[in-house]
1. Let me spell it out: the conditions are (1) in contact with a strand residue (DSSP E or B) (Cβ under 8 Å, 6 or more places away or on another chain); (2) more than 14 Å from chain A (Cβ to nearest Cβ); (3) among the aliphatic types (A, V, I, L, M), and B:Ala315 meets all of them except one. Which number is the exception?
2. Which count do you get for residues in the range B:239-254 that are within 16 Å of B:Phe200 (Cβ to Cβ) and either assigned to a strand (DSSP E or B) or among the small types (Gly, Ala, Ser) (or both)?
3. B:Thr88 - would you say it is facing chain A (nearest Cβ under 9 Å), buried (at least 19 other Cβ atoms within 10 Å of the Cβ), at pLDDT 90 or above and away from DNA strand C (no atom under 14 Å from the Cβ)?
4. If the requirement is being within 29 Å of A:Asn48 (Cβ to Cβ) and either assigned to a loop (DSSP other than H, G, I, E, B) or not hydroxyl-bearing (Ser, Thr, Tyr) (or both), which of these qualifies: B:Ile162, B:Ile148?
5. Quick check on my filter: what residues within the range A:106-139 are β-branched (Val, Ile, Thr) and either touching a residue at least 24 places away in the same chain (Cβ under 8 Å) or surrounded by fewer than 19 Cβ atoms within 10 Å (Cβ to Cβ) (or both)?
6. May I ask you to list the residues in the range B:22-44 that are closer than 19 Å to B:Arg56 by Cβ and either more than 8 Å from DNA strand D (Cβ to nearest atom) or modelled with pLDDT of 95 or more (or both)?
7. So, in the range A:1-20, how many residues would count as being within 11 Å of DNA strand C (Cβ to nearest atom), under 28 Å from B:Arg52 (Cα atoms) and not in a helix (DSSP H, G or I)?
Number of protein chains: 2
Amino acid sequence: MKGIKRLAQHLDISIGTVSRALNGKPDVNEETRRRVLDAAALLGYAPNQAGRSLRRGSTNAVGFMIESNDETETNSDNFFLGVIGGLTGALLKHNLDLVVLPCSVNEDPHDYLQRIVARRLVDAVIISATQRRDRRIDLLKAARIPFIALGRTGGPDEHAWIDLDFEGVAHKAVARLAALGHRQIAVAIPDNEINLGYVFRDAFEDAMAHHRLTVDPSHIIRARSSEHGGYTIGNALLAMEKRPTAIVLVYEMMAIGLYRRLNEAGLTPGRDLAVVGFREGPQSQFLSPALTSFRMSLRDLGIGLAEGLLATMPAYADQFPQGFVHKLWPMELVEGESDAMVIGR
Amino acid sequence: MKGIKRLAQHLDISIGTVSRALNGKPDVNEETRRRVLDAAALLGYAPNQAGRSLRRGSTNAVGFMIESNDETETNSDNFFLGVIGGLTGALLKHNLDLVVLPCSVNEDPHDYLQRIVARRLVDAVIISATQRRDRRIDLLKAARIPFIALGRTGGPDEHAWIDLDFEGVAHKAVARLAALGHRQIAVAIPDNEINLGYVFRDAFEDAMAHHRLTVDPSHIIRARSSEHGGYTIGNALLAMEKRPTAIVLVYEMMAIGLYRRLNEAGLTPGRDLAVVGFREGPQSQFLSPALTSFRMSLRDLGIGLAEGLLATMPAYADQFPQGFVHKLWPMELVEGESDAMVIGR
DNA sequence: CTGAAAGCGCTTACAG
DNA sequence: CTGAAAGCGCTTACAG
């Protein structure tokens, strides 16, 4: 004998009453409820999730799909853990569990998600690393699974998403550099199909145009989103006949490799080349020179995602009536020393 | 109509036969099996996990519990993602899913795990961030849930665990520094209750004794496991009247903050103070000077954990007959420039 | 306020 | 080789 039957037998009442007491139904004698709750705590009872899910038709769990490929494995910083912290906290308030679903590098992300969805492992999903054209969106829509995307796609916006404000970052970075006298500004973007590279490039070109600056095509540098990618960017810059005086990085860790390469060439970031990083990390201020970058709260982003997701779940939509969230997450410039140089006229 | 019933109706056979065909039971006509498999693929059918779990009494899922506290959120870098990559791959071969279970900072890890276990959310568990005395071990033993710990505890070893070879790291680091002439060597350990701090300190003292070097108590420096912690270590070192000539860090990211603090004081790592980091990360070789550190494969560690866990699961024990794994994961020294100095006699 | 019963979607011994 | 039926642990309308 186990589970709710054992608890009921122990208390000598029916399993129905135990269940109602545990689930806070109103039609239970308060004395009975107290006895049930006490016994449950004593015996460490928690309802079997499979039994409950099967009966209720929902799992009480939200899935956060992450892809662990070589690039994220070797290079990703603390981004996901921070977001997860915010997510768990916000979902816990609504008695929802977060389970992180890591898609193996050996499996196609679309197939993986399809399996998860068909098996009804979770009630709702957060996807990340959105591609420009992301078939997972169609899959989730067809299956009518509530979801939110961390990252835009190139397609229509008939779903909830939150993305970092690449436009704002590009504009603030270019405005700052332009004010310091820079006219030849380069940008580093990732060399993969993740949508953010396209978004950031467009935003950068738009910002440059706004300041009546022209973008030299060779100044748009594709590299891996990693420290090593930063080093190769350094190589590319050093090999240029017409070297830019500033560069905006799409990934802050690139700064480490770029600093190294510049140092090897006897050049100093912030004196010989202005460097603006992307997201402020725990390292930004401890690098030499400290990296100018953009601040945001990962925890708040997690909370935002949770709320945006809840808004798409029928059971919670009345508490979060915002509909499909389309949000650019603001990022605030933090001055460092890495672009502390003025270009003479 | 949905699920297996719909599939059976579509094929005009019984759900029992559909189930047997899908699950590879031998007593099914091959023609029938093919039809079932084709239809399942066509309709995107995958068995409802709650129904299956309830009937089978197992979930086919393994949980990896991680704690997302302020420290790990801001500082634990790519460690977990790398391990997760190895885990998913190794478990996928046995048709087991990995779900990552992040314990909210608002919840007690023991209570969280108890809930997960009582609800039978997963068949087996990997725990990390082991405390010196970790009640989760008792909980899992009492519930008879197969598990493996990533990290030792201070208690008896009647369970499977894998831990990094702190002893090996301490010995190799001290041996190398001693050979370069260092006699005053400091060590940085974390300022929390995670067991690894105790283990590393003991290993360091043992290594020092082995080389007949004495450890100045003030040279055992407790700090946060972060870049910022490295900076405070720099402060502590600079304030000492009898400054050590070398330091061994328990967390490689501390090097960033320490480098910064030394630079501010006009000192150069590798010339004025030898620095040995812990785990080689993607940044180690791109720092200036490159950080001497220890190499290991996160992916292989994940695979090792998966195999150690499978050995504790009755259904897989015959394939992995190693019993309770107790393993120190080897780490190989990678020479950098951060300790490239020789102390005169 | 409580109990008895149905049924969620599966798998599997059993009968044929 | 296939079908009918039981039952995994819950929740919830329904009857009393």
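The values are calculated or read from the model by the stated rules, or taken from the named source; none is laboratory data. It should be emphasised that the depicted structure is a prediction, and the values quoted were computed from it without experimental measurement. Glycine gets a Cβ as well: all are built from the backbone with ideal geometry, and neighbour counts include every protein chain shown.
1. Exception for B:Ala315: condition (1).
2. Step one: list which residues in the range B:239-254 are within 16 Å of B:Phe200 (Cβ to Cβ), which gives B:246-254.
The next check asks that each one be either assigned to a strand (DSSP E or B) or among the small types (Gly, Ala, Ser) (or both); those that pass are B:246-249.
Total satisfying the criteria: 4.
3. Working: facing chain A (nearest Cβ under 9 Å): yes; buried (at least 19 other Cβ atoms within 10 Å of the Cβ): yes; at pLDDT 90 or above: yes; away from DNA strand C (no atom under 14 Å from the Cβ): yes.
Yes.
4. Working: B:Ile162 fails: within 29 Å of A:Asn48 (Cβ to Cβ).
Matching residue, one of B:Ile162, B:Ile148: B:Ile148.
5. Applying the first criterion (β-branched (Val, Ile, Thr)) to the range A:106-139 yields A:116-117, A:122, A:125-127, A:130, A:137.
Within the range A:106-139, A:Ile116, A:Val117, A:Val122, A:Val125, A:Ile126, A:Ile127, A:Thr130 meet the criteria.
6. Correct list: B:Leu22, B:Asn23, B:Gly24, B:Ala40.
7. 1
Yes/no matrix, rows are residues, columns are (1) buried (at least 19 other Cβ atoms within 10 Å of the Cβ); (2) touching a Leu at 6+ places or on another chain (Cβ under 8 Å); (3) assigned by TED's automatic domain parsing to the domain that holds A:Arg271:
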| residue | (1), (2), (3) |
| --- | --- |
| A:Val174 | yes, yes, yes |
| A:Leu180 | no, no, yes |
| A:Arg183 | no, yes, yes |
| A:Ile189 | yes, no, yes |
| A:Glu193 | no, no, yes |
| A:Val199 | yes, no, yes |
| A:Phe204 | yes, no, yes |
| A:Ala207 | yes, no, yes |
